[in-house]
Amino acid sequence: MLTTGEKGNILVLSAPSGAGKTTLAHTLLAREPRFKFSVSSTTRPQRPSEIDGQDYFFVSDEQFRAMRSQDAFLEYAQVFGHWYGTSKEHVESLLAAGHSVLLEVDWQGARRLRERNVGALTIFVLPPSTEELERRLRNRGSDTEPTILRRLADASEDMSHWHEFNYVVINNEVNSTVETILSIVAGNNTKNRADSPAICEQATQISSGYSR
Ligand code: 5GP
């Protein structure tokens with residue numbers, strides 16, 4: 001049974017592909033050793049830069065199905081045609097060891113965690129603009145063109161869910177965005193609340209600016 005205690009022991013970061021979430025997560029983990037990354041399982045093919053067991057556990061469809069039927073996931077979702085899931089046992093053991101846990105999941109996963117009432121603090125990361133999002137996605141150079149096009153098309157849908165999160169941050173520059181995230185975690189930030197007027201205005205503009 002998951003017991004999280006105070007809010008913020010589980011930090012959820014969600015973003016469309018290319019918003020810079022992975023770099024943010026790495027920077028945050030390096031800055032704040034009390035946070036441990038929850039390594040998800042996925043059926044997506046491994047990218048050359050990725051390490052099995054560190055970035056993801058890369059599993060087959062069959063293995064993923066078996067884990068689902070064993071109720072091994074705290075949440076799971078299909079994203080871009082592949083399955084992704086957060087290990088219940090992994091998160092529970094990190095929490096039990098006194099760590100805070102960083103989850104990098106899509107909006108569906110964040111929604112599921114809310115429904116399960118695990119007391120997570122949820123943050124949606126937006127890119128500064130949709131043009132910048134496309135540029136970052138292409139510069140990554142790790143995906144095939146059809147994958148990039150699909151991810152760009154899905155970005156608009158992803159971004160439309162920003163208001164379901166507790167906070168929204170706009171990732172202009174990684175270090176200042178990490179500072180903002182840390183101020184949210186510390187409970188010292190109201191300006192990035194998803195219901196603050198300035199955030200509503202900016203998030204609406206960025207998330208609707210995508211046309212392709
Ligand atoms: P990528 O394949 O680019 O690493 O991730 C694609 C999407 O899947 C991202 O939005 C990422 O946050 C999401 N994702 C990664 N792991 C999980 C997970 O365990 N659960 C859910 N629901 N989404 C995940």
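The values are calculated or read from the model by the stated rules, or taken from the named source; none is laboratory data. Every value quoted in this text rests on a predicted model; they were computed, and no experiment measured them. Using ideal geometry, Cβ is built from the backbone for each residue, glycine included, and neighbour counts are taken over all protein chains shown. For the accessible areas, the whole protein counts, side chains as well, though only heavy atoms, and no ligand, DNA or RNA atoms are used. Shrake-Rupley method; radii C 1.70, N 1.55, O 1.52, S 1.80 Å.
Just give me the residues in segment 35-82 being more than 9 Å from the ligand (Cβ to nearest atom), farther than 25 Å from ILE148 by Cβ and hydroxyl-bearing (Ser, Thr, Tyr), in sequence order.
Within segment 35-82, SER69 is the sole residue that qualifies.
Filtering segment 96-107 down to residues that are more than 11 Å from the ligand (Cβ to nearest atom) and open to solvent by 30 Å² or more (accessible area, probe 1.4 Å), which residue is farthest from PRO33 (Cα to Cα)?
ALA96
Out of the residues in segment 137-164 meeting the condition of being under 24 Å from SER176 (Cβ atoms) and buried (at least 18 other Cβ atoms within 10 Å of the Cβ), tell me which one is farthest from the chain's Cα centre (by Cα).
LEU137
How many residues, within segment 28-40, are open to solvent by 70 Å² or more (accessible area, probe 1.4 Å) and either in a strand (DSSP E or B) or among the acidic types (Asp, Glu) (or both)?
Applying the first criterion (open to solvent by 70 Å² or more (accessible area, probe 1.4 Å)) to segment 28-40 yields 30-31, 33-34, 36.
With either in a strand (DSSP E or B) or among the acidic types (Asp, Glu) (or both) added as a condition, the list becomes 36.
Summing the residues that are open to solvent by 70 Å² or more (accessible area, probe 1.4 Å) and either in a strand (DSSP E or B) or among the acidic types (Asp, Glu) (or both) in segment 28-40 gives 1.
Of everything in segment 173-212 that's basic (Lys, Arg) and modelled with pLDDT of 95 or more, which residue is surrounded by the fewest Cβ atoms within 10 Å (Cβ to Cβ)?
Restricting to residues being basic (Lys, Arg) and modelled with pLDDT of 95 or more, the top hit is LYS191.
Looking for whichever is within 22 Å of VAL12 (Cβ to Cβ) and hydroxyl-bearing (Ser, Thr, Tyr) here; the options are SER142, SER160. Which one fits?
Only one candidate qualifies: SER160.
List pairs: first in segment 41-56 and without any contact (Cβ under 8 Å) to a residue 60 or more places away in the chain and open to solvent by less than 80 Å² (accessible area, probe 1.4 Å), second more than 10 Å from the ligand (Cβ to nearest atom) and of a type in the set (Val, Ile, Thr), Cβ under 6 Å, 6+ apart or cross-chain?
These pairs meet every condition: SER41/VAL59.
Of (1) assigned to a helix (DSSP H, G or I); (2) modelled with pLDDT of 95 or more, GLN78 satisfies all except one. Which?
(1)
So, in segment 108-137, exactly how many residues are closer than 21 Å to PHE35 by Cα and either in contact with a Leu (Cβ under 7 Å, 6 or more places away or on another chain) or not polar (S, T, N, Q) (or both)?
Within segment 108-137, residues that are closer than 21 Å to PHE35 by Cα and either in contact with a Leu (Cβ under 7 Å, 6 or more places away or on another chain) or not polar (S, T, N, Q) (or both) number 11.
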